[in-house]
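Nothing in this text is a laboratory measurement; each read-out follows from the coordinates by a stated rule. The shown structure was predicted, so the numbers you read here are calculated from the model rather than taken from an experiment. Neighbour counts run over all protein chains shown; Cβ positions are idealised from the backbone, glycine included.
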Amino acid sequence: MQDPLAQFQADRQLARDAGDPMAHVCVLATVDGRGYPQARTLVLRNVVHNNSPRLALFINANSPKWAELANSDSACVQVYWPSVELHYRMQVQTEALDPKLVAESWQFRPVAPKKMDWLYQQHAQSTAIADRKQLLKQLDQLVVPEPLVAPDEAKGLLIRVTEIERLDLTQSNGVHDRVLHTLNQGKWEQQTLVP
Ligand SMILES: Cc1cc2nc3c(=O)[nH]c(=O)nc-3n(C[C@H](O)[C@H](O)[C@H](O)COP(=O)(O)O)c2cc1C
C-alpha cells in the first residue's frame, strides 16, 4: 500500500501542475470555547523537519485558532482541488515547528503581514477594532524592531496526520472512490468507505 501522505503530496503536485489555486491552501477546522465549530482558510506549507517532508501551518499565537488548537487533542484539515477532482480530509495533531525555521521563513512575508504580526500584540487577531481607518492609523504608528524580525508569537505548527481520507471524484462510472487511512501503532490501515 502506498503511504497515504506520499500519495497526498503526489496528488497535490498534480493540482499544482494544473495551476490549481487551491493547491496552496487548506481549511483548518477547530472547536471554540463555546463548543462551536470554527473553520478558516490557511496556507498549507511544506517544510523539511528532521530530513523528512512535513505539512505545516504558520499562524499567530494571539489568534483564536491558536488557543483552540492548544485546548484540543485534534483538529481537522481539509483540501479540495477542483483541477484534479480530489478531496482530502484529515484528523490532525499539531506540534511546534522549530522557531529558527519560522523566523527564517517569516522574512519572506510581504511587509504588511509582517507588521500585522506585531500589531497583534496590541490588538489580537480577530478582535474588533473601531473601523478600518483606525486599523490603518495604528499600523502606521506601530513601532517595530529594526531590522524587522518575527515576534515570538509568529508560530509554525507541524501537522501530524492521524487519519487521512481520500475522495476521488474522477471515476468514469460516477461512483466516487473513497478510502480512509488510519494510523495504528505507526502503521497505516486502510478501509474503503461508502462515498
Ligand atoms: C487564501 C487565504 C490564505 C490564508 N492563509 C493564512 C495563513 O497561512 N495563516 C493565518 O493565520 N491566516 C491565514 N488566512 C486568514 C485566515 O483565514 C483567518 O481569517 C485568520 O487567520 C483568523 O482566523 P481565526 O480567527 O480563526 O484565528 C488566510 C486566508 C485566506 C483567504
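For a straight C-alpha distance cut-off of 17 angstrom, the aspartates and glutamates reachable from LYS137 (same-chain residues fewer than eight places away being disregarded) are ASP117. Rounded to the nearest whole Hz, the Karplus-based 3J(HN,Hα) values (6.51 cos²θ - 1.76 cosθ + 1.60, θ = phi - 60°) of segment 75-80 follow the sequence 9, 10, 10, 9, 9, 9, with x at glycine and proline.
Which FRET efficiency, nearest 0.05, do VAL144 and GLU189 yield, Cβ-Cβ r, R0 35 Å? If you can, show how the numbers build up before the last one.
Working: r = 49 Å, r/R0 = 1.40.
So the FRET efficiency works out to roughly 0.10.
A simple rule links phi to the HN-Hα coupling: the Karplus curve 6.51 cos²θ - 1.76 cosθ + 1.60 with θ = phi - 60°, which for segment 59-72 gives 9, 9, 5, 8, 8, x, 5, 4, 5, 5, 5, 5, 8, 9 Hz, with x for Gly and Pro. Normalised by the number of residues in segment 10-81, what is the relative contact order in percent for Cα pairs under 8 Å and 6+ residues apart? 36 percent.
Provide the packing ranking of 105-112, 81-88, i.e. peptides ordered by the mean count of other C-beta atoms within 10 Å per residue, highest first. Present the calculation step by step, with values, prior to reporting the outcome.
Values: 105-112: 12.0, 81-88: 17.6.
The densest-packed peptide leads the list: 81-88, 105-112.
Relative to the longest principal axis of the C-alpha atoms of the chain, give the angle of the C-alpha long axis of helix 4-17, reported between 0 and 90° and rounded to the nearest 10°. Here the helix axis deviates by roughly 70 degrees.
Charge dipole of segment 110-172 (Cα centre as origin; +1 on each Lys and Arg Cβ, -1 on each Asp and Glu Cβ, all else neutral): 220 debye, rounded to the nearest 20. Here the Kirkwood formula puts the hydrodynamic radius of segment 62-195 at 18.2 Å, using every distinct Cα pair. Relative contact order of segment 108-195: 18 percent, from C-alpha pairs under 8 Å at least 6 residues apart in sequence. Within the straight-line cut-off of under 12 Å between alpha carbons, the aspartates and glutamates reachable from LYS187 are ASP3, GLU163, sequence neighbours fewer than 8 places apart in one chain being disregarded.
Rounded to the nearest 500 deg cm²/dmol, what is the calculated helix-only ellipticity per residue at 222 nm for the chain, with -39500 (n - 2.57) per DSSP H run of length n ≥ 4? Show your work: numbers first, answer last.
Details: 5 runs with 48 residues, N = 195.
Using -39500 (n - 2.57) per qualifying helix, the result is -7000 deg cm²/dmol.
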